[in-house]
1. In whole Hz, with x marking every Gly and Pro, tabulate ³J(HN,Hα) for the range 85-91 from phi via Karplus 6.51 cos²θ - 1.76 cosθ + 1.60, θ = phi - 60°.
2. Quick one: 94, 124, fewest Cβ neighbours within 10 Å first, how do they rank?
3. Find out how many positive minus negative residues lie around residue 133, taking Lys and Arg as positive, Asp and Glu as negative, among other residues whose Cβ is under 15 Å from that of residue 133.
4. Could you work out how far apart the two model spin labels at residue 95 and residue 208 are, taking each label as a point 7 Å from the Cα in the direction of the beta carbon, and quote it in nm?
5. Using modelled amide H (1.01 Å from N, peptide plane; none on Pro or chain starts), what sits under 5 Å from the amide H of residue 115, excluding residues fewer than 5 places away?
6. Collect residues whose amide H, placed 1.01 Å from N in the peptide plane, falls under 5 Å from the amide H of residue 204; neighbours closer than 5 in sequence don't count.
7. How many nm is it between the label spots at residue 193 and residue 166, if each spot is 7 Å from the Cα in line with the beta carbon?
Amino acid sequence: MLFSSVRLNLVRNGRITERVAERTGTDGACAPFEFISATLIGRLEEPIMKPLRRREERRGALAVEAAVILPVLLIMMLGIWEVGRLIQVQQILVNSAREGARLAAGGYTNNGTPVTSAMVQTAVRDYLISAGLPTAATTAAQITLTNTSTNAWTNPSDALPLDKFRVQVVIPSGAAFDSLRWSVAAKITPTNNMTAFVDWVSLNNVKITVDTNLPP
């Protein structure tokens, strides 16, 4: 009975180790060698193939997760962006209405000029421009001064003390409203126009009529 030895290099735990397999030469029998070879090949394939399969499976799972999550995240980001812009513009409109109401409440300017409704509208529009709103929005803005008191007057200078009035600013739908949006994607919210108003009271002085006729 003849024996021959074969040196085999095995990879185990990342290290190359040498093993000797004996082979018999009688009757073509090679059971010990074949058994050792089959065992070694199986042990070699197992630690090498498993990480590769797991890596490929993980890559596929990541691709599926990204395909499901990314559209949702994109819609959320666009929605937050659009809502944030609408809140900013709404605050600008409220501040502009307050600016016009302060002017109207005084009734007269610092140099004694009577305040008219047109002057209030100009003050509101100037504030919108200084706040950086687009020209399409500032030009199309609808600014109104409404007397809500029981006394009849059109211009704030004619109001009586504590007369109530309202200053309203409207950005209509269409090109004016679309110019306010930052996102180039489809509109997320159903809003297509914006309105802001403030209620104020007149701070005019009490008007006194003086009789120029001296008593007898």
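1. Result, ordered by residue: 5, 5, 5, 4, 5, 4, 5 Hz.
2. Values: 94 14, 124 27.
Ascending number of Cβ neighbours within 10 Å: 94, 124.
3. 0
4. If labels sit at residue 95 and residue 208, their model points lie 4.0 nm apart.
5. Placed amide hydrogens put 108, 109, 157 under 5 Å from residue 115.
6. Here 162 satisfy the definition.
7. According to this spin-label approximation, the distance is 1.4 nm.
All of the numbers you see were taken from the coordinates with simple rules; none came from a lab. Worth saying up front: this structure is predicted, and the values here are computed from it rather than measured. Every residue, glycine as well, gets a Cβ built from its backbone with ideal geometry; the counts of neighbours run over all protein chains shown.
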